[in-house]
Amino acid sequence: MSAVKTALTIAGSDPSGGAGIQVDLKTFSRLRVYGMAVITALTAQNTSGVTGTMEVPPDFVARQLDAVLGDIHVDAAKTGMLLTAGVIEVVACKVREHEIRNLVIDPVMISTSGAPLLNRDALGTFCRTLLPLALIITPNTGEAGMLTGRSITGIADMEEAALQVHGMGARSVLIKGGHLSGDDATDVLFDGSEFYHFQSPRIPSRDTHGTGCVLSAAITARLAEGKSLRDAVQLAKDFVSEAIKNGLRLGKGPGPCDPLGLEN
């Protein structure tokens, strides 16, 4: 078996390069794992927002997955934007069929600019078929609220939401606190038995496009390397903090965080 570790992203395309499969692959490369990508949806977007989405037919998503998973061993995989119930069902089926255990689910539901990235009729399918396959799911507080139906305003709410999402089948849950107010950004991990808090100073930056994708991709890369879940989360949080510090002033809206450290 090759000594090179491999990671697969199953996600949507961002033509501006700041999020989705484009930034996932940048993150994989920066962390020195071999990256592969299955495209689930197309978007028309830039730093100012999303102006359109287009579904990739579920049967073609299945063909992409079979092509990759039938040929190359995958040490870890992540999902991002899936858009439709049909695509979610196919992804869940192929994850089971190919026995992917290190699955990171980033439940991409809505863009920062407010555009829906998951169809309304797909949430139930997501919770029923894909969520129970997650080694870890990484919702922000808004996404956790959509999954649980509760308002999340602090650490105690994050812990309750993590317990609730764990009860839906995910083996572990990371609730991201970056959208809450305060001097620190605290993420809450529940691994099925214990809570862990990952705290870092809040970085004042407008250029944060793609941070959720970078975090989940970095967790995936670290799991592919064989790191423990707790270590993978800590290393990924440190990595995304650096990417935010290196944010690029590109475009007319919030620019992308930079996992490559281009200006260093």
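Things to note:
- Using θ = phi - 60° and Karplus 6.51 cos²θ - 1.76 cosθ + 1.60, couplings along the stretch 230-246 (whole Hz; Gly, Pro as x): 4, 5, 4, 5, 5, 5, 5, 5, 4, 5, 5, 4, 5, 5, 5, 4, 8
- Seen from D75, the other residues with C-beta closer than 14 Å to its C-beta sum to a net charge of +4, counting Lys and Arg as +1 and Asp and Glu as -1.
- Mean-position separation - Cα centroids, the stretch 186-264 and the stretch 89-157, in angstrom: 18 Å
- Rounded accessible area per residue of the stretch 157-264, 1.4 Å, Å²: 45 Å²
- Annotation: extensible slack from R230 through D71 equals 54.2 nm (criterion: 0.36 nm per residue apart, minus Cα-Cα distance).
- Scattering curve values for the stretch 109-264, log₁₀ I(q)/I(0), Debye with Cα scatterers, q = 0.08, 0.09, 0.15 Å⁻¹: -0.22, -0.28, -0.82
- Hydrodynamic radius of the stretch 79-119 by the Kirkwood approach over all distinct alpha-carbon pairs: 11.1 Å.
- GNM on the chain, alpha-carbon springs under 10 angstrom: the most fluctuating residue among K26, K78, K252 is K252.
- Under the criterion of Cα pairs below 8 Å and six or more residues apart, the relative contact order for the stretch 33-160 equals 22 percent.
- Applying a threshold of 32 Å to the alpha-carbon distances of K5/K252; K78/K245; K94/K252; K94/K245 flags K5/K252; K94/K252; K94/K245 as lying beyond it.
- Put simply, the C-alpha atoms of the stretch 141-195 give a gyration tensor, and the ellipsoid matching it has half-axes of 18, 13, 8 Å, longest first.
- When the surface is traced with a 1.4 Å probe over the full set of protein chains, E55 keeps roughly 80 Å² accessible.
- Three semi-axes describe the equivalent ellipsoid of the chain; taken as square roots of 5 times the Cα gyration tensor eigenvalues and ordered largest first, they are 24, 21, 20 Å.
- Loop-located trypsin sites (Lys or Arg not before Pro) in the stretch 113-178 (DSSP state other than H, G, I, E, B) with a sparse environment of at most 11 neighbouring Cβ atoms within 10 Å are absent.
- Shape annotation for the stretch 1-151: C-alpha extents along the principal axes are 45, 32, 29 Å, from largest to smallest.
The values are calculated or read from the model by the stated rules, or taken from the named source; none is laboratory data. The model shown is predicted, which means the values in this text are computed figures rather than measured ones. Because the Cβ atoms are built from the backbone with ideal geometry, glycine has one as well, and the counts that use them run over all protein chains shown. For accessibility, only protein heavy atoms count, side chains too; no ligands or nucleic acids. Shrake-Rupley method; radii C 1.70, N 1.55, O 1.52, S 1.80 Å.
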